[in-house]
Amino acid sequence: MEQQNPPVVVIGAGPVGLAAAAHLIDRGIEPLVLEAGPAAGAAVREWSHVRLFSAWGEVTDPVAEKLLAPTGWVRPDAAAYPSGGDWAERYLQPLADLLGDKVRYGSVVTGVSRAGRDRVVDADRETQPFVVHVAHADGREERLFARAVIDASGTWTTPGPAGGSGLPALGEKAAADRIAYRVPDLKDPAVRARYAGKRTAVIGSGASAFTALASLAALAKADGDAGDTRAVWILRRGISGSTFGGGEADQLPARGALGLAAKAAVDEGYADAVTGFRTDAVERDGDGRRLVLVGEDGRRLDPVDEVIVLTGFRPDLSFLSELRLGLDERLQAPVALAPLIDPNQHSCGTVYPHGHRELAHPEPGVYLVGMKSYGRAPTFLAMTGYEQVRSVAAAIAGDVEAADRVELTLPETGVCGGAGLFDAPEADETAGGGGCCSAPGAAAGSAPATVQIGVGAPAPSGGC
């Protein structure tokens, strides 16, 4: 039997999902947050050792802070940089605890549809509530009803593969014992032992790859001259002035510093760069203990002991298959949002203002927000998600004026331009140039017609 007054179901108790719940409560709307993990920020906790490149003042939601204030919650120093663990323990978990039974853990959403309507049926579709199927940690299955669904489940569970075609390289799955898809925690003795004195390939070109390269370089320095720790950086393109990000031109200084640390790892000889290499196969060497990366062009690299694949993330859309989603065919982001974040055109980090309209789908009442809204695009920042859910909550509440009032300009990376030629280094464009960084219809070099606000996001999100 359908609920008389169903809640808005929010999928995921991460930063953006919890912010969505806070904004709904602020508007008198009942949320129900379904979290697959055992605690708030379960995905964030998996990279708890990584420091964010945005400060505390840029990674907390204002409305969530307003809810927390009466509880005695102490706001962290706005200028300090938290780790993922800090973010989860000092902000996300207190917010989830405040929400109480509005957050359910160990609840995996396995499907979302309209009650009594698969995606084919038109009749009275929009008058039916959403139906959400949930599998619980204790084995129970449950059917819930919702007036709207906000999917803030992120992309953490679906990392990109090593293969240059977007598919796993041949032999990649068979070599899983030697391949990691996360930035390693080298403070953990067991993890440190895995990489110390070893030759490790790092595949990727975003903030996560920068972080891994800098960490491996620090490990090599700790080994001293007698150490054998070495990184091999695998790049699908060439090296140019923008390969290492915007550096000192980046408006998020800690983000710029990641690229500079990676550059230092290469310049100081702790990492060897291999350019224009798209992995086609992963093979075992003669004794089976090391791996050989084979490129699409036939190149075979020297054997490595370990491989760290940091090629970004992609959304899991499997449980949304009965909904009518309007997704860009390339990015798997909402069609109205995709042109604003397409990495073929944009790298500067500036996104034209967007909210509920850009996040809408042919299925009214369903929204993909947070990192999932960006599909495969790599430049998402946390405050973008906070602004998204502010607009979405207003739209659900029927306050169209507030929902449309979206003002957001992200701090630029100091790199402006698109993907460039696929098989050649990208153009070495000057920091802060026009082009992709301009609002639609604006002249190159002119300022976007938006208001600057703070933003923030974790470093391990594949270039965000």
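The values are calculated or read from the model by the stated rules, or taken from the named source; none is laboratory data. Bear in mind that the values here come from a model prediction, so they are computed numbers and not experimental data. Cβ sites come from the backbone with ideal geometry, for glycine too, and all protein chains shown count toward neighbours. All accessible areas refer to the heavy atoms of the entire protein, side chains included, with ligands and DNA or RNA removed. Shrake-Rupley method; radii C 1.70, N 1.55, O 1.52, S 1.80 Å.
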Point to revise | Condition met for Thr60 (polar (S, T, N, Q) and open to solvent by 10 Å² or more (accessible area, probe 1.4 Å)) | key: no
Point to revise | Contacts under 9 angstrom Cβ, first residue in region 99-126 being within 28 Å of Ala13 (Cα to Cα) and without any contact (Cβ under 8 Å) to a residue 12 or more places away in the chain, partner among the acidic types (Asp, Glu) and assigned to a loop (DSSP other than H, G, I, E, B), 6 or more apart | key: Arg117/Asp124; Arg117/Glu322
Review point. Just for helices (runs of 4 or more DSSP H) wholly inside region 56-109: which have at least 2 residues that are over 21 Å from the mean Cα position of the chain (by Cα)?
Key: 62-68, 93-99
Practice item. Can you confirm whether region 74-88 contains a residue that is under 16 Å from Gly12 (Cβ atoms), open to solvent by less than 20 Å² (accessible area, probe 1.4 Å) and not small (Gly, Ala, Ser)? Key: yes
Point to revise | Out of Val120, Val131, sole residue that is at pLDDT 95 or above and either in contact with a strand residue (DSSP E or B) (Cβ under 8 Å, 6 or more places away or on another chain) or in a strand (DSSP E or B) (or both) | key: Val131
Exercise for review: Residue by residue through region 89-107, note down the ones that are open to solvent by 80 Å² or more (accessible area, probe 1.4 Å) and over 26 Å from Leu144 (Cα atoms).
Suggested key: Glu89, Arg90
Review point. Do you know which residues across region 24-57 are among the acidic types (Asp, Glu) and surrounded by 24 or more Cβ atoms within 10 Å (Cβ to Cβ)?
Key: Glu35
Exercise for review: Out of Pro362, Pro343, report the one residue that is in a loop (DSSP other than H, G, I, E, B), surrounded by fewer than 22 Cβ atoms within 10 Å (Cβ to Cβ), at pLDDT below 95 and not acidic (Asp, Glu).
Suggested key: Pro343
Review point. Within region 164-181, restricting attention to residues that are open to solvent by less than 60 Å² (accessible area, probe 1.4 Å) and either aromatic (Phe, Trp, Tyr) or in a loop (DSSP other than H, G, I, E, B) (or both), which residue is farthest from Arg290 (Cα to Cα)?
Key: Gly166
Study note, to complete from the structure: Residue pairs within 8 Å by beta carbon, gap of at least six or interchain, first lying in region 66-89 and among the acidic types (Asp, Glu), second surrounded by 12 or more Cβ atoms within 10 Å (Cβ to Cβ), listed first then second, are Asp77/Trp56; Asp86/Pro76
Check your understanding: Any idea which of (1) at pLDDT 95 or above; (2) out of contact with any His (no Cβ under 8 Å at 6 or more places or on another chain); (3) surrounded by fewer than 20 Cβ atoms within 10 Å (Cβ to Cβ) is the one Ala146 doesn't satisfy?
Key -> (3)
Point to revise | Number of positions in region 1-44 that are acidic (Asp, Glu) and either assigned to a strand (DSSP E or B) or over 19 Å from Val134 (Cβ atoms) (or both) | key: 1
Practice item. Report yes if some residue within region 365-377 is more than 21 Å from the chain's Cα centre (by Cα) and either open to solvent by less than 20 Å² (accessible area, probe 1.4 Å) or over 30 Å from Lys198 (Cβ atoms) (or both); otherwise report no. Key: yes
Check your understanding: Of the conditions (1) outside any helix (DSSP H, G or I); (2) in contact with a helix residue (DSSP H, G or I) (Cβ under 9 Å, 6 or more places away or on another chain); (3) within 14 Å of Ile234 (Cα to Cα), Arg289 fails just one. Which one is it?
Key -> (3)
Study note, to complete from the structure: Within region 167-194, the count of residues that are over 29 Å from Arg376 (Cα atoms) and not aliphatic (A, V, I, L, M) comes to 5
Review point. Could you say whether any residue in region 269-281 is modelled with pLDDT of 90 or more, hydroxyl-bearing (Ser, Thr, Tyr) and in a loop (DSSP other than H, G, I, E, B)?
Key: yes
